[in-house]
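The next block holds one structure in the form of structure tokens; read it before the comments.
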Amino acid sequence: MISFAAPWYLLLMPLAAGPFVLHLLNRRKMKRTQFSSLFFLRKLRERRFRWLRLRDLLLLILRSLFLAFLVLALAGPVWKGRFPLGKDRADVVLILDDSYSTEPRFADLKLTALRVLDELSSGSRVALLTPSGALWDTTVISTHSTSLQNVSSQNTSAPQTEWGDRVQALTPSQSGRDLQAAWNMARRLLTNGSAATRRIVIVSDGQKRALDFLTREHIGEDIEVHCFLNQTSLPANTSILDAELYPVVPLPGEGQTLRASIRHSGKSIQKQLTLWVDDRVVDERKLNFSAAERDIEFKLVHSGQEVKVALEPDSISADDERFVLASGAKTLRVALVGDADSYFLELALRAGSGVSVQKVSPASAATLSPLAYDILIWDGASALSAEISAAASRGLAILVLLDGEVADVEGIFNSRGGASQQGFDILAPSSLFADLEEKDRRQIRINRYARLQPVAGKVILSLSGGDPFLIADTFQGISYLVTRFTPQHTDLVYRALFPALLNRLVVFVAGERTERERFIGDTLRVRVPTGKAILVETPQLHYELAPHRVGPGYEIEFASTLRAGFYKIGNQTFVVNPDPAETSPARINFADLQKRGIEVYPLGVSTPRNLWFWFLILAAACLAVELSLVMAHAFASRRKPGDERLK
């Protein structure tokens, strides 16, 4: 299908008939005269006369085509072509990939989505989804329903206009999610479809990490799957994959180094890298990047908490910044529940500068406030007691040192009994203790520890044999260490590095909930002691949020992490970054999708093509051929002057 950007120029199309009109007006009627002596001359020139008549006809056609092509070029023709899906009645779920890797081609993705909507026939039903959730329902799908709503033929134009407005308003999100959640929703929506054709249409940039699930997903014969994917080369891009502080938890007076991992694709380029600390620029560097991955280090000579490293914006802007929280050196307020065997633990804690320790009874631990203490250490527990749960419900970070026959903690870990052997190294390599020399780490032995099988608990540290050493319930803020620090459990208590190692471990657990990296789309939860409204700060807004009751306490749940940056809920700060996996340049293998019965098309088949340039080329070609014929005739005339006179 061809449309015109400036159709009024088509009014000039009759000019193309001008050469024919002039030819007819200039025709002269010749008188026939018999000359018997010209018989042989006519036979001699008959072939040449036929060529001259053919040449005149060609010139006439070329001049007319030149004018016609010139008028068409001025009218701005646009070819949309027949869309691959056709105008059939169908139940359609359109998944438009708005993850941040789509930024360079997002306009083409939106144009393809609009073409899909434009091709729907009356009586079709449609839903639009984006993996970020920016567009999860439309005017034709109920917000609380899981079935498609009918689009009546009498009211087709209004919904389609709203679709177009909503799709055009979309921008690439900072989310790096794959498309599987949207796919699962699409399958549910089509479950109750009534049309003979049920179809899922995916419009994406073709990134492997977004679409790889399709190579494993079961695709039933009752659903058609069509993918419109970018098949052109990716633009050059520089990405900050990660930024971390070393050491993770500094001791009082100890400095930190920021390490930024950066990957560049495309030709070599020079870009500026800037380090920000609490909204102040503290360092700037001009660096050369080639198609490779490299690490850049900054010394944090300025104290602060909120650290950002940023590149000059390029083709994908979301991966040009990375945020990280600096712990900073501060007094750590520790509440300790222990027994007579907790002597070495208490001594090591008090030996660390910047740490204050107060022993409390098990009964009073349940009433401790996070305003008075940073962490509760429960030394020698064998189960998750009611007091520990109560303290956790008040928002206090807790470190439990396990001992004896350990009971299972539902949903976090299962107990596999205890181990009592000689010769176990204390830790597998970990960034938390990266500054610990290898020879010292390998000499530390654990003689007795609880063997745990993680369920939903997060393994923070491991033993060299593979068993967890530190496992965390990140929801409640409770961390479990599989051993106690006594001569019977470990020889670590006899070493000079024990106070520094313990201090770093405890500070890490105290700040674990506030300093862990989150990604766009993650849910933030904070336990609070009361139901009073709490101030919430995002990179864009500040407002109050009311807690809701969960068990014996209250909880703030914040689900709308739509942008990278620092989020604050009460006195707790969270760092949220784009998912670095979304920077992967790996593309899905189109042949693998086609083997699964998925129809794959390039974005170009749904993109209107401007044809004015091609019509201009055709006009120029006609002019060139005409000039060639005229020059050939002139050249022939000069070579045969006698023949020309006879003519």
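Readers should treat all values here as calculations from the given coordinates under stated rules, not as data from a laboratory. All figures in this text were calculated on a predicted structure; none of them were measured in a lab. Cβ placement follows ideal geometry from the backbone for every residue including glycine, while neighbour counts extend to all protein chains displayed.
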Calculate one ³J(HN,Hα) per residue across segment 370-382 by plugging θ = phi - 60° into the Karplus curve 6.51 cos²θ - 1.76 cosθ + 1.60, and present them in order as whole Hz with x for glycine and proline. x, 6, 9, 9, 8, 7, 10, 9, 10, 9, x, 7, 10
5 Å is the cut-off here: which amide hydrogens, built 1.01 Å from N in the peptide plane, fall below it relative to Leu463, excluding neighbours closer than 5 in sequence? Ala428, Phe469
Segment 438-547: trypsin sites (Lys or Arg not before Pro) falling in loop per DSSP and having at most 16 other Cβ within 10 Å: Arg495, Arg516, Lys532
Gain upon complete extension [Val282, Thr171; 0.36 nm per residue less C-alpha separation]: 36.8 nm
Sparse-neighbourhood loop hits (trypsin sites (Lys or Arg not before Pro), segment 195-288; DSSP loop; Cβ within 10 Å at most 11 others) -> Arg216, Lys267
Extended-chain gain in nm, criterion 0.36 nm per residue less alpha-carbon gap, Ala586 and Val301: 98.8 nm
In whole Hz, with x marking every Gly and Pro, tabulate ³J(HN,Hα) for segment 298-315 from phi via Karplus 6.51 cos²θ - 1.76 cosθ + 1.60, θ = phi - 60°. 10, 8, 7, 7, 9, 6, x, 10, 9, 10, 9, 10, 9, 9, 4, x, 9, 4
5 Å is the cut-off here: which amide hydrogens, built 1.01 Å from N in the peptide plane, fall below it relative to Val600, excluding neighbours closer than 5 in sequence? Cys227
For segment 237-325, what's the relative contact order in percent, using C-alpha pairs closer than 8 Å and at least 6 residues apart? 33 percent
Provide Trp378, Trp612 in ascending order of the number of other Cβ atoms located within 10 Å of each residue's Cβ, fewest first. Trp612, Trp378
Subset of Lys299/Lys458; Lys271/Lys299; Lys271/Lys568; Lys208/Lys267; Lys359/Lys439 violating a 27 Å alpha-carbon distance limit: Lys299/Lys458; Lys271/Lys568; Lys359/Lys439
Starting from the amide H of Gln256, placed 1.01 Å from N in the peptide plane, find each other amide H under 5 Å away whose residue is 5 or more places distant or on another chain. Leu300
